[in-house]
Amino acid sequence: MRSGRGPGASLEPSAVTHEADAEFPLILVGAGGHARVLLSALLLLERPILGFVDIDESQRELLGIQRIGNDDVVLDYDAQQVLLVNGVGSVASVRNRLRVYEFFRARGYNFASVIHPGAIIAPETDLADGVQMMAGAILQTGCVVREDCIINTGALLDHDCIIQPHAHIAPGAVLSGAVHVGARAHVGAGATVIQGVHIGSDSIVGAGAVVLSDVPESCTVVGVPARPIKAKA
C-alpha cells in the first residue's frame, strides 16, 4: 500500500493515481451504473482504456468506450500488461463484485485504483490497490482503505478510520474518527457512524441509520439510533 499524497501536500481535490497504475492500459469489468461512474472518472483522468467487458451483448458502447467482449476476453490479455477496473457495484450484495475480484486475482491480474479528481485526500492516508473514491468523497488524516473498497460519492471519513477489504461506504455516509469497518461490510447512503465504533465484517448499516455502538459481524442494523433487524420466526 501507499500514502495518498506526499509529505507536506495540502488537503485539496485530488487526482491521485498509483504511480505504477498509470503505465498500463485499463479494462473495465462491468457496464452498469457503477461502471459508468468509474468510467467517467477515468476519462476525466485521461487514463488509457482498452474497452469494457460485460455479459450483455446488447451493450456495445459506454460513454464512447467500446465493449470488447464477455468477461473471459480479459484472459486474452497478458496479466502483466493490463490493469483491470472492477465496475461491478455492491448495492444489494458484494457477492458478484467479490467474485470478479477473486476470479481475476487468482489468475494473476491486478486492479487499478480509481480516484476521482474531485475527491479530497489528506496526505497521511494509506490506500491499497483497487480502491475506488468517487466525486466529493473526503478522506482525512490517518485513514486506511484496503483493497477493492468503494468510498462512494460524497462520503466523509474523518481521522483514523480503517476500511477493510471489499467494504462499501455508500453515498453521503459520514464516519466520525477512528471508525473501523470490517471486510465486505456495507454502510448505507446517508448513514452516520459516531467515533470509535466497529462495524463487523459482512454487516449492513441501513440507509440513514445513526450508529452509536458496535455492530456484530453479519448483522443488519437500521434506524435512529440503529438497532439490529430481528429475524422473523
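The values are calculated or read from the model by the stated rules, or taken from the named source; none is laboratory data. Just so it is clear, the structure is predicted and the values come from calculations on it, not from any experiment. Because the Cβ atoms are built from the backbone with ideal geometry, glycine has one as well, and the counts that use them run over all protein chains shown. The protein model used for the area step is the full one, side chains on, heavy atoms only, and it has no ligands, DNA or RNA in it. Shrake-Rupley method; radii C 1.70, N 1.55, O 1.52, S 1.80 Å.
Summary table below
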| quantity | calculated |
| --- | --- |
| Single condition PRO165 does not satisfy, out of (1) farther than 18 Å from LEU39 by Cα; (2) more than 13 Å from the chain's Cα centre (by Cα) | (2) |
| Condition met for GLU102 (under 16 Å from ALA167 (Cβ atoms) and exposed (fewer than 14 other Cβ atoms within 10 Å of the Cβ)) | yes |
| Flag for GLY177 being surrounded by fewer than 24 Cβ atoms within 10 Å (Cβ to Cβ), at pLDDT below 95, in a loop (DSSP other than H, G, I, E, B) and of a type in the set (Gly, Ala, Ser) | yes |
| Subset of segment 203-226 [in a loop (DSSP other than H, G, I, E, B), crowded, with 17+ Cβ neighbours inside 10 Å and within 19 Å of the chain's Cα centre (by Cα)] | SER203, GLY206 |
| In segment 112-122, the residues that are in a loop (DSSP other than H, G, I, E, B) and either open to solvent by less than 10 Å² (accessible area, probe 1.4 Å) or among the hydroxyl-bearing types (Ser, Thr, Tyr) (or both) | ALA112, SER113, ALA122 |
| Some residue of segment 184-192 being free of Cβ contacts under 8 Å to residues at least 40 places away in the same chain and charged (D, E, K, R) | no |
| Matching residues in segment 74-90 - criterion: being in contact (Cβ under 8 Å) with a residue 24 or more places away in the chain and surrounded by fewer than 14 Cβ atoms within 10 Å (Cβ to Cβ) | LEU75, GLN80, GLN81 |
| Only one of ALA41, ALA35, ALA15 that is modelled with pLDDT under 95 and either farther than 24 Å from LEU98 by Cβ or aliphatic (A, V, I, L, M) (or both) | ALA15 |
| Identity of the residue in segment 123-145, more than 23 Å from SER40 (Cα to Cα) and either part of a loop (DSSP other than H, G, I, E, B) or free of Cβ contacts under 8 Å to residues at least 12 places away in the same chain (or both), that ends up most open to solvent (accessible area, probe 1.4 Å) | GLU124 |
| Segment 85-98, residues that are modelled with pLDDT of 95 or more and either of a type in the set (A, V, I, L, M) or more than 18 Å from GLN164 (Cβ to Cβ) (or both) | VAL85, GLY87, VAL88, LEU98 |
| Pairs, first within 16 Å of HIS168 (Cβ to Cβ) in segment 195-223, second at pLDDT below 95, C-beta under 8 Å, six or more apart | THR220/ILE229; VAL221/ILE229 |
| Yes/no for TYR109 being open to solvent by less than 40 Å² (accessible area, probe 1.4 Å) and either over 14 Å from the mean Cα position of the chain (by Cα) or at positive phi (or both) | yes |
